[in-house]
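See below for the structure under consideration.
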Amino acid sequence: MIKQEKRAVMAEIANRLEQRYPEAVCALEWETDPWKLLVMGRLSAQCTDARVNLVCRELFAKFPTAEALGAGELSEIEEIVRPCGLFHVKAQNIKDACAMLVRDYGGVLPDSMEELLKFPGVGRKVANLLLGDIYHKGGTVADTHCIRICGRFGMYPETLKDPKRVELLMDELLPEEIRSDFCHRIVQFGRDVCSARSPRCGECPLGDLCAHRLGEGNKKISKKG
């Protein structure tokens, strides 16, 4: 499948996903406060969005502003975020990130990948999430759902698991203005239909566009195609 064909397939997939999920909603309940999405994005690593939402209700009640969290007692933050796993590192990261946000940026989250990557614990996936949801720009959020499902669609070999490589490949196939919404929809689709262990291929509304279902999932698809 050449790049032009892949773009056409992805355009149709994006259109059908939009019909299925008209509201492209971020699974993290950040309440339109950018600093909260910064914190929640970090806590979401190796943790479910549902657990992050639950934990952050208590966290944000205790520390209602970025300034408060940045100045908060580390042991208190650790105890609250413990259910998210890796709580020592995550607590330190979100405390330091909030302090940095207030100190270096006047509380305003920057709108560039270069600046966002300076924040403790922020990698490309979280940076793209922030850029997409807050500033409506940025790259593909290459989370586990996106990596798995777009590989099944045949956009690259299913064996490819490198988030940055997937991000760059998908950026070539998706217009910037739809990347954020597409990624939110693909997460929902992954939970509803195209799960990791038991995909409901027989009920899939995208089956006619899916290389995996059409028996091509294990064929070598050029990474450059």
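No value in this document is a laboratory result; all are computed from the given coordinates. As the structure is a computational prediction, the values presented were derived from the model and not from experiment. Note: ideal-geometry Cβ built from the backbone for every residue, glycine included; neighbour counts use all protein chains shown.
Output ³J(HN,Hα) for region 153-164: one whole-Hz value per residue in order, computed from phi by the Karplus curve 6.51 cos²θ - 1.76 cosθ + 1.60 with θ = phi - 60°, and x for Gly and Pro.
Running phi through 6.51 cos²θ - 1.76 cosθ + 1.60 with θ = phi - 60° gives 5, x, 6, 6, x, 4, 6, 6, 10, 7, x, 5 Hz.
Alpha carbon centre of region 42-103 versus region 110-141: separation in Å?
Measuring centre to centre over Cα atoms gives 18 Å.
So what is the 222 nm mean residue ellipticity for the chain from helices alone, if each DSSP H run of at least 4 adds -39500 (n - 2.57) and you divide by all residues, rounding to the nearest 500 deg cm²/dmol?
Working: 11 runs with 125 residues, N = 225.
It lands at -17000 deg cm²/dmol.
How far is helix 34-43 tilted, in degrees, relative to the longest principal axis of the Cα atoms in the chain, given as a value from 0 to 90 rounded to the nearest 10?
Approximately 70 degrees, to the nearest 10.
In nm, to one decimal, how far is the modelled label at residue 27 from the one at residue 203, with both set 7 Å along Cα→Cβ?
1.8
Mind ranking 29-37, 88-96, 198-206 by how tightly packed they are, going by the mean number of other C-beta atoms within 10 angstrom, highest first?
Packing order, densest peptide first, comes out as 88-96, 29-37, 198-206.
Along the charge dipole of region 1-119, which of 48, 69, 110 sits closest to the positive end, that is, farthest toward it, with unit charges on the beta carbon of Lys, Arg, Asp and Glu (+1, +1, -1, -1)?
Selected residue: 48.
Which ³J(HN,Hα) values, rounded to whole Hz and listed in residue order, are derived for region 11-19 from phi using the Karplus coefficients 6.51, -1.76 and 1.60 in 6.51 cos²θ - 1.76 cosθ + 1.60 with θ = phi - 60°, glycine and proline given as x?
Karplus-based 3J(HN,Hα) across region 11-19 equals 5, 6, 4, 4, 5, 5, 5, 5, 5 Hz.
With the Cα gyration tensor of region 1-82 giving a ≥ b ≥ c as the square roots of its eigenvalues, does the rule (a/c under 1.5 for rounded; else a/b larger than b/c for prolate; else oblate) give rounded, prolate or oblate?
prolate
Using a Gaussian network model of the chain whose springs link C-alpha atoms within less than 10 Å, name the residue from 131, 117, 173 with the highest mean-square fluctuation.
Of 131, 117, 173, the most mobile in the Gaussian network model is 117.
Which of the pairs 118/164; 62/164; 6/164; 6/36; 36/161 have their Cα atoms more than 25 Å apart in this structure? If you can, show how the numbers build up before the last one.
On the way: 118/164 17 Å; 62/164 35 Å; 6/164 19 Å; 6/36 35 Å; 36/161 28 Å.
In this structure, 62/164; 6/36; 36/161 lie more than 25 Å apart at Cα.
For region 169-179, what does the Karplus curve 6.51 cos²θ - 1.76 cosθ + 1.60, with θ = phi - 60°, yield as ³J(HN,Hα) per residue in whole Hz, taken in order and with x for Gly and Pro?
With the stated coefficients, region 169-179 comes to 5, 6, 4, 6, 9, 10, x, 4, 5, 10, 4 Hz.
Mind running the shape call on region 43-157? Use the C-alpha gyration tensor, a ≥ b ≥ c as the square roots of the eigenvalues: rounded below 1.5 for a/c, prolate if a/b tops b/c, oblate otherwise.
It is oblate, given that a/c is not under 1.5 and a/b is not larger than b/c.
Considering Cα pairs under 8 angstrom that are at least six residues apart, work out the relative contact order of the chain and quote it in whole percent.
22
Along the charge dipole of the chain, pointing to its positive end and built from +1/-1 on Cβ of Lys, Arg, Asp and Glu, which listed residue (180, 89, 154) has its Cα farthest out?
Sorting the options by dipole projection puts first 154.
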